[in-house]
Amino acid sequence: MKEMIRLSSIKKNYGDVKIIKDLNFTVYEGEFLTMLGPSGCGKTTTLRMIAGFEEPTSGEIMLNEKPVSNLPPYKRKINTVFQNYALFPHLTVAQNVGFGLKMAGVPKVKRGPQVEKMLKLVQLEGYGNRKLDQLSGGQKQRIAIARALINHPQVLLLDEPLSALDLKLRKQMQLELKRLQRKLGITFVYVTHDQEEALMMSDRIAVMNKGHLEQIADPRTLYEQPKTCFVANFIGESNIFYGKVSEITKTDTKVTIENGYLTLQSDKPVFEKQIVNIVIRPEKVKFSTTEVPGFHIPATVAEHYYAGNVNKSVLRLPNGMALKMTSAGDQKLPEIGKSGFVYWELADAILIKTTSDDVFKAVDNPDFSMVNQMGGD
Amino acid sequence: MTRSKHVDFWKNSLIGLVFVFLYLPILVIIVFSFNTSKLNILFKGFTFKWYALVFHNVQIMSALENTLIVGIISTALATIIGTLGAIGMQKYNFPGKAILDKVLYIPIVIPEVVLGIALLSIYSLAGIPLSLFSLILAHVTFCIPFVVLTVRSRLVGIDQTLEEAALDLGATPLKAFIQVLLPLLIPGIISGAGFSFALSIDDVIISFFTTGPASTTFPLQVYAMVKTGITPEINAISTLMMLVIVVGIAANAIFQVSKLKRSKRK
């Protein structure tokens, strides 16, 4: 695969504040890459550096294997779809879409057909003579996309382009954007804080947190094999245990947690006394009122929430920790207050090796403490 | 019914009084500009001769010419400098910006006499002779803050990402300015220029200090003529000026109404 964008050791400071701390990743040609992270994680700043609106404090940005860090935005073959659309209010729809061509010196007679072609691409044929205040939010979004695509950029940057739209329209536009990207084969770099949107649309997702890259991988790998607790928690829901490897035998590995222990498959690359986090997805958790063979821990049913296609349950472990469980919506649920055992396939336990500054404790997690309060015991 | 009629009567009388208070003096001037007698006491007969005299009065005509020259040139200069200043102050951070921000508006609030004297002493210190040039310089000085004020208030309402969008689409900074920022700023620039022109053409006090004997402006000329009593000539000039203003306002109103109708039809 051909490299389209490469960020090497990118750092960005605003005064003393370090916004981006040593960022490295590559975007390949024709790829749909999403930068995902909470607000303030530096994803928009990174996008603005790729566009050329900000200069990195140090490091190099390569576009098509050529350094561009010192090139102004108008000399990069990159176009942007802005969060608030940034359409020119004094121009008509056609003039907005044709702006890039005009700047490139394309004569007026040649611009018309190309503008119409772009409007057709975003399904707004015949809207050329309209003024912007006659358009809906979704239509403005399409115009912004058409305007950014008319100069055939090598890369299209999209900065939370759908965040101003209502839910239904947003879902529809997600599919349309993905379709458009497949059709045109242009490299898309997309910024969002919506994990579901990222999972649905992207070829790969770069999860960012506090100015650094947590993990970059395809959506499935990210969900099934998160490398950090942040990723496990940010992408989908997670139960995260914190413990110490206590015993390694031929058949399995025991991890001591507060008030008990968990079992891991023996092939996990850990050593004794290592501090680890273990992640179990709620849909992998099972509950039985009778004792099951193999690994299990006692638990009590604390809460049920009906969410249509799924049931969300909270189970309480002897140490007081709340465990999230998701089951199919049509499944019969055990009564609240009932005691039994939770278990899961050992293969479903995700091991996350923890460095001393990345220890994840359930009590630090607002998600968990909220559940704990709801459990109320 | 009687009660509401009663109220209506007082209401209408009050409105009528306000109009009389506002427009009677103006009406008197218009009426006496057509008076054959030189005295503004009795209307003796109808004549256009004062109007003819005005147009043949070399002093008045040259003063009018000076006023227009000063007004147009100082408006143009103040508008350009003020607009660029407003943009610069909005976009860039530089040492002393906060101070400049406050100091800039001093010419607006300072008594004109003080500004006039200050300019006069600067001119004599720098050896600049009092002429049309010094007059234009003075007018530019007090017009700039008004332009900065109006342009900045317009700038605040313009989305900063629009310029980035233009750069992103291949516009150089200059093209982005001409194609995007300038068209959006036009209403602010026009009102700033309008302010400047209005201030310049009827300024008396600062002009009094900063102009030379050969470059008297129209308001100063009228002021000088009034010292020896109000002549029908002055009435005629005033009536003409009012005519120009009324025509201007009417034209603007017609333009606005037709624009409104056009946008409604769409």
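Derivation of every value follows stated rules applied to the coordinates shown; laboratory data play no part. Please read all numbers here as calculations on a predicted model, not as lab measurements. Cβ sites come from the backbone with ideal geometry, for glycine too, and all protein chains shown count toward neighbours.
For segment A:1-67, which chymotrypsin sites (Phe, Trp or Tyr not before Pro) are both in a DSSP coil and crowded by at most 14 other Cβ atoms within 10 Å? Show your work: numbers first, answer last.
On the way: sites: A:14, A:25, A:28, A:32, A:53; in loops: A:53.
Qualifying residues, ordered by number: none.
In whole Hz, with x marking every Gly and Pro, tabulate ³J(HN,Hα) for segment A:334-344 from phi via Karplus 6.51 cos²θ - 1.76 cosθ + 1.60, θ = phi - 60°.
The phi angles translate into x, 5, 5, x, 5, 9, x, 9, 9, 8, 7 Hz.
Can you give me the long-range amide H partners of residue A:310? Hydrogens built in the peptide plane at 1.01 Å from N, cutoff under 5 Å, separation of 5 or more residues or another chain.
Placed amide hydrogens put A:329 under 5 Å from residue A:310.
When chain A is modelled as a GNM with alpha-carbon springs shorter than 10 Å, which of A:236, A:126, A:42 fluctuates the most?
A:126
Return the sequence-ordered ³J(HN,Hα) values of segment B:183-195 in whole Hz as given by the Karplus equation 6.51 cos²θ - 1.76 cosθ + 1.60 applied to θ = phi - 60°, using x for Gly and Pro.
My calculation for segment B:183-195 gives x, 6, 7, 3, x, x, 5, 5, 5, x, 5, x, 3 Hz in order.
Using only the Cα atoms of segment A:3-224, construct the convex hull and provide its projected area averaged over every direction, in square nanometres to one decimal. Working shown, then result.
Numbers: hull surface 49.0 nm².
Approximately 12.2 nm², given one-decimal rounding.
Tell me whether segment A:1-46 comes out rounded, prolate or oblate; compute the Cα gyration tensor, take square roots of the eigenvalues as a ≥ b ≥ c, and use a/c under 1.5 as the rounded threshold.
Working: a/c = 3.75, a/b = 1.77, b/c = 2.12.
The shape class here is oblate.
Roughly what angle does helix B:58-91 make with the longest principal axis of chain B, taking Cα atoms, 0 to 90 degrees, to the nearest 10?
The helix B:58-91 is inclined about 30 degrees to chain B.
Using 7 Å Cα-to-Cβ label points, what is the residue B:4/residue A:57 separation (nm, one decimal)?
In this crude spin-label approximation the distance works out to 7.4 nm.
Rounded to the nearest 500, what is chain A's calculated 222 nm mean residue ellipticity when only DSSP H runs of at least 4 contribute -39500 (n - 2.57) each, over all residues? Please report the intermediate quantities before stating the final value.
Values: 10 runs with 93 residues, N = 377.
Mean residue ellipticity at 222 nm (helix-derived): -7000 deg cm²/dmol.
Which entries in A:183/A:227; A:18/A:77; A:2/A:353; A:2/A:77; B:11/B:259; A:43/A:117 show an alpha-carbon gap greater than 26 Å? Could you put the intermediate results ahead of the total?
Values: A:183/A:227 33 Å; A:18/A:77 28 Å; A:2/A:353 33 Å; A:2/A:77 16 Å; B:11/B:259 34 Å; A:43/A:117 32 Å.
Violating the 26 Å Cα-Cα cut-off are A:183/A:227; A:18/A:77; A:2/A:353; B:11/B:259; A:43/A:117.
To the nearest 10 degrees, how steeply does helix A:137-149 sit against the main Cα axis of chain A, on a 0 to 90 scale?
With rounding to tens, the tilt is 70 degrees.
For segment A:108-209, place one equal point scatterer on every Cα, skip the solvent, and apply the Debye formula. What is log10 of I(q)/I(0) at q = 0.10, 0.14, 0.25 Å⁻¹?
-0.29, -0.57, -1.56
Mean residue ellipticity at 222 nm from the helices of chain B, using -39,500 (n - 2.57) per DSSP H segment of n ≥ 4 over the full residue count, to the nearest 500 deg cm²/dmol? Kindly include the intermediate steps, with their values, before the conclusion.
Numbers: 13 runs with 205 residues, N = 266.
Mean residue ellipticity, 222 nm, calculated: -25500 deg cm²/dmol.
Pop the C-beta distance of residue A:291 and residue A:196 into the FRET formula with R0 = 25 Å and round what comes out to the nearest 0.05. Write out the running numbers ahead of the final one.
On the way: r = 37 Å, r/R0 = 1.49.
The computed FRET efficiency comes out at 0.10.
What translational D, rounded to a whole number of µm²/s, comes out for segment B:90-229 from Stokes-Einstein when the hydrodynamic radius is the Kirkwood one over Cα pairs, at 4 °C and 1.567 mPa s? Walk me through the numbers before you get to the answer.
Working: Rh = 17.6 Å.
It diffuses with D of about 74 µm²/s by this estimate.
Rounded to the nearest 5, what % of DSSP beta bridges with both residues in the protein assembly as shown are antiparallel?
On the way: 62 of 80 bridges.
Restricted to the protein assembly as shown, the bridges split so that about 80 percent are antiparallel.
Take peptide B:174-182, look around each residue's Cβ out to 10 angstrom, count Cβ atoms belonging to other protein chains, and average those counts.
Numbers: counts 0, 3, 3, 0, 0, 7, 6, 0, 1.
The shielding value for this peptide is 2.
Shape of chain B from its Cα gyration tensor (a ≥ b ≥ c, root eigenvalues): rounded if a/c is under 1.5, otherwise prolate when a/b > b/c, or oblate? List each step's numbers first, then the result.
Details: a/c = 2.17, a/b = 1.32, b/c = 1.65.
The shape class here is oblate.
Bin by bin, in steps of 10 Å, what percent of the Cα pairs in chain A do you find, going until the bin that has the longest distance?
Once binned at 10 Å, the Cα pair distances of chain A give 5, 20, 25, 21, 16, 9, 4, 1.
What does a probe at residue A:330 reach in segment A:293-315, counting residues whose amide N is under 13 Å from the point 7 Å along Cα→Cβ?
A:309-310
Looking at the calculated P(r) for the protein assembly as shown, what percent of the C-alpha pair distances fall above 40 Å?
Working: 115163 of 206403 pairs.
So the pairs more than 40 Å apart make up 56 percent of the total in the protein assembly as shown.
State to the nearest 20 debye the size of the charge dipole of chain B about its Cα centre, where the only charges are +1 on K and R beta carbons and -1 on D and E beta carbons. Don't skip to the answer; put the middle values down first.
On the way: 19 positive and 11 negative charges, 225 e Å.
So the dipole magnitude of chain B works out to roughly 1080 debye.
Using only Cα atoms and rounding to the nearest 10 degrees, what angle (0 to 90) does helix A:108-121 make with the longest principal axis of chain A?
20
So for the protein assembly as shown, taking the charge dipole from beta-carbon charges (+1 Lys/Arg, -1 Asp/Glu), which of A:289, B:183, B:32 sits furthest toward the positive end?
B:32
Specify whether the C-alpha gyration tensor of segment A:210-286 places it in the rounded, prolate or oblate class, a ≥ b ≥ c being the square roots of the eigenvalues: rounded for a/c under 1.5, otherwise prolate if a/b is larger than b/c and oblate if not. Before the final figure, lay out the partial values.
Working: a/c = 1.88, a/b = 1.70, b/c = 1.10.
Note, shape of segment A:210-286 comes out prolate.
For chain A, with a Gaussian network of springs between Cα atoms less than 10 Å apart, report the residue from A:239, A:319, A:79 with the top mean-square fluctuation.
Judging by the Gaussian network model, the answer is A:319.
Show me, for segment A:84-93, the HN-Hα J-couplings you get by feeding each phi into the Karplus relation (A = 6.51, B = -1.76, C = 1.60, θ = phi - 60°), rounded to Hz, glycine and proline as x.
Rounded to whole hertz, the list is 9, 6, 6, 7, 7, x, 8, 10, 6, 4.
What translational diffusion coefficient, to the nearest whole µm²/s, does segment B:3-102 have by Stokes-Einstein, given a Kirkwood radius computed over alpha-carbon pairs, a temperature of 4 °C and 1.567 mPa s viscosity? Could you put the intermediate results ahead of the total?
Values: Rh = 19.6 Å.
The calculation lands on 66 µm²/s.
How big is the dipole moment of segment A:3-224 about its Cα centre under a simple scheme where the beta carbon of each Lys and Arg is +1, that of each Asp and Glu is -1, and everything else is neutral? Debye, nearest 20, please. Intermediate results must be reported in sequence, preceding the final value.
On the way: 32 positive and 23 negative charges, 194 e Å.
It works out to roughly 940 debye.
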